[in-house]
Amino acid sequence: MHAWETGSQACAGVRRWITFYNRLRPHTAHGGRTPTMVYVKSIATDQQAQAET
């Protein structure tokens, strides 16, 4: 656990952790890919499917 001196420091720390967790950290549920990688691939797949119809 990390102790911050101010609420602003706490908010910044939590924001960094959320960014790391959602954008940079590989998740086993996604086959070792980051949530961002999964999301970007799903958008590309959706766009390709729409282009084919």
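Just so it is clear, none of the values below were taken in a lab; they were calculated from the coordinates. Predicted model only: the values in this text are computed from it and were never measured. Every residue, glycine among them, receives a Cβ derived from its backbone with ideal geometry; neighbour counts consider all protein chains shown.
With everything on Cα atoms, drop me the angle between helix 7-19 and the longest principal axis of the chain, reported from 0 to 90° to the nearest 10.
Taking the Cα atoms of the chain, the angle to 7-19 is about 30 degrees.
With axes computed from alpha carbons, what is the tilt in degrees of helix 35-52 against the longest principal axis of the chain, rounded to the nearest 10 within 0 to 90?
Helix 35-52 sits roughly 20 degrees off the main axis of the chain.
Averaging the inverse of every distinct alpha carbon separation and then flipping it gives the Kirkwood radius. What is it for the chain, in angstrom units? Display every interim value, and only then the final one.
Working: mean 1/r = 0.0752 Å⁻¹.
With all distinct Cα pairs of the chain included, I get 13.3 Å.
If each DSSP helix of 4+ residues adds -39,500 (n - 2.57) and the sum is divided by the residues in the chain, what number results at 222 nm, nearest 500 deg cm²/dmol?
-19500 deg cm²/dmol
For T53, T34, what ranking results if the residue with the fewest other Cβ atoms within 10 Å of its Cβ goes first?
Ascending Cβ contact count within 10 Å gives the list T53, T34.
Just add up the charged neighbours of H27: K/R +1, D/E -1, any other residue whose Cβ is under 15 Å from the Cβ of H27.
+4
Could you order peptides 9-16, 43-50 by the average number of other Cβ atoms within 10 Å of their residues, highest first? Could the numbers behind the result be given before it?
Numbers: 9-16: 11.6, 43-50: 9.5.
Highest to lowest by the protection proxy: 9-16, 43-50.
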